[in-house]
Amino acid sequence: MLTHRRLLRSALLRPPLPASLLRTPRPVLAKRLALSVLCCGTLAAAGILPTMGPKSDAPSTTKAAAMGAAADRGTQAASRDKQRSASAAPSTSAPAAPAPAQSAAPAPVAAPATPAAPATPSIPGLDQYQAENAQTIVNVGTQLGVPTRGKVIAIATAMQESKLYNLDVAVDYDSLGLFQQRPSTGWGSPGQLTTPSYAAQAFYARLMDTQGDWGCLTCAAQRVQGSAFPYAYAQWEGLADSVVSALGN
């Protein structure tokens, strides 16, 4: 009933009817109006015409939701397109420079080995210590340019004086070393006289002044040493020849 009233009111509020309708007789007009109202009500009841009630917000809400969902789908699609473009685009960054190859550290070069001193040969009649002292006497004579005969005289003298042992304790006055030289008579200090190379050099220095007597080993040795037993030197001449020959003159 309420719907029919609203339809009737709507029909009454419409713009003025045309003049042709106004000249229509009222009974006919009323009949037409009633028929129009009845038709509108039937159409409204069938859902063909919208009702005159208050507008519902449901369609607007549904439409807004649909628009929001569409916007979200559009945003997601744009994001995926952007990601695909970024992955497909070639990298513009410069390739990383290869790390420089580290060269292997050079192997340490071994220092050349110091040549070992030639071993003193074994000499019959002498132990190793005596042979080493005899080697020193011969080497010093070679360095000073002393002839072989002078080396033989030096070895024979040392055999008589110390048996080729470097005596660092005086046993006859203050005599020391291989040649039993005395510090008190100007041969040198105790430390020098007990150094085999120095003792041999001191002996050769005086022996070189007696070359005229070298034919006589006893004479030459006695001129240098001034021993109380001058004839004792000669007994070692044969051994001295063998030692100098074995040690390479």
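The values are calculated or read from the model by the stated rules, or taken from the named source; none is laboratory data. Quick caveat, the model's predicted, so the values are computed rather than measured. Here Cβ is always computed from backbone atoms with ideal geometry, including for glycine, and neighbour counts include all displayed protein chains.
What to note about this one:
- Residue in region 122-134 that is of a type in the set (Val, Ile, Thr) and within 17 Å of Ala202 (Cβ to Cβ) present: no
- Every test in (1) farther than 17 Å from Gly125 by Cα; (2) in a loop (DSSP other than H, G, I, E, B); (3) not hydroxyl-bearing (Ser, Thr, Tyr) is passed by Leu164 save one, and that test is (1).
- Failed condition for Glu161, given (1) at pLDDT 95 or above; (2) in contact with a helix residue (DSSP H, G or I) (Cβ under 6 Å, 6 or more places away or on another chain); (3) among the acidic types (Asp, Glu): (2)
- Pairs where the first residue, in region 177-188, is closer than 12 Å to Val224 by Cβ and the second is of a type in the set (Gly, Ala, Ser) and in a loop (DSSP other than H, G, I, E, B), C-beta under 8 Å, 6+ apart: Gln181/Ser175; Gln181/Gly188
- Some residue of region 207-214 being in a helix (DSSP H, G or I) and at pLDDT 95 or above: yes
- Of residues in region 169-203 being among the aromatic types (Phe, Trp, Tyr) and surrounded by 15 or more Cβ atoms within 10 Å (Cβ to Cβ), the one nearest to the chain's Cα centre (by Cα): Tyr198
- Qualifying residue in region 140-150 (condition: closer than 15 Å to Trp236 by Cα and touching a residue at least 24 places away in the same chain (Cβ under 8 Å)): yes
- Hits in region 221-233 - residues which are assigned to a helix (DSSP H, G or I) and surrounded by fewer than 16 Cβ atoms within 10 Å (Cβ to Cβ): Pro230, Tyr231
- Residue pairs meeting the criteria (Cβ under 8 Å; at least 6 apart or on separate chains; first free of Cβ contacts under 8 Å to residues at least 24 places away in the same chain and closer than 16 Å to Ser189 by Cα, in region 160-173; second charged (D, E, K, R) and surrounded by 14 or more Cβ atoms within 10 Å (Cβ to Cβ)): Tyr173/Arg182
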